Amino acid sequence: MAVPKRKTSKARRDKRRNNLWKISAPAIVKCPRCGEYKRTHRVCKACGYYGDRQVVKVEE
């Protein structure tokens, strides 16, 4: 069984873990029906449509 011969230093450990901050922002597009910005592949909160059909009734 593989066992480390020496203690891994904090610098070496943190260098290995430094890619966690590279999370990208979610993609935002305009709703084709109402023009509001929304996340891709989700129901529009402003009009309640997903694609060409109404999924949620939105009170105005």
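The values are calculated or read from the model by the stated rules, or taken from the named source; none is laboratory data. A quick note: this is a predicted structure, and the numbers were derived from the prediction, not measured. Cβ sites come from the backbone with ideal geometry, for glycine too, and all protein chains shown count toward neighbours. Remember, those area values only see protein heavy atoms, side chains included, never the ligands or the DNA or RNA. Shrake-Rupley method; radii C 1.70, N 1.55, O 1.52, S 1.80 Å.
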The list (1) 23.0, 67; (2) 10.2, 33; (3) 11.6, 37 gives values of Rg and Dmax of the Cα atoms in Å, and only one came from this structure; which label was calculated from it? (1)
Need one number: nm distance between label points at GLU59 and LYS22, each 7 Å from Cα along Cα→Cβ, rounded to one decimal. 4.7
On a straight-distance basis, which lysines could pair with LYS5 in a cross-link, Cα separation under 26 angstrom, same-chain partners fewer than 8 positions away excluded? LYS15
Can you tell me which lysines have their Cα less than 21 Å from the Cα of LYS45? Leave out same-chain residues fewer than eight positions away. LYS30, LYS57
Roll a 1.4 angstrom probe over the protein heavy atoms and tell me the percent of accessible area of the chain that is carbon or sulfur. 52
Over the chain, average the accessible area per residue using a 1.4 Å probe and give it in Å², no decimals. 105
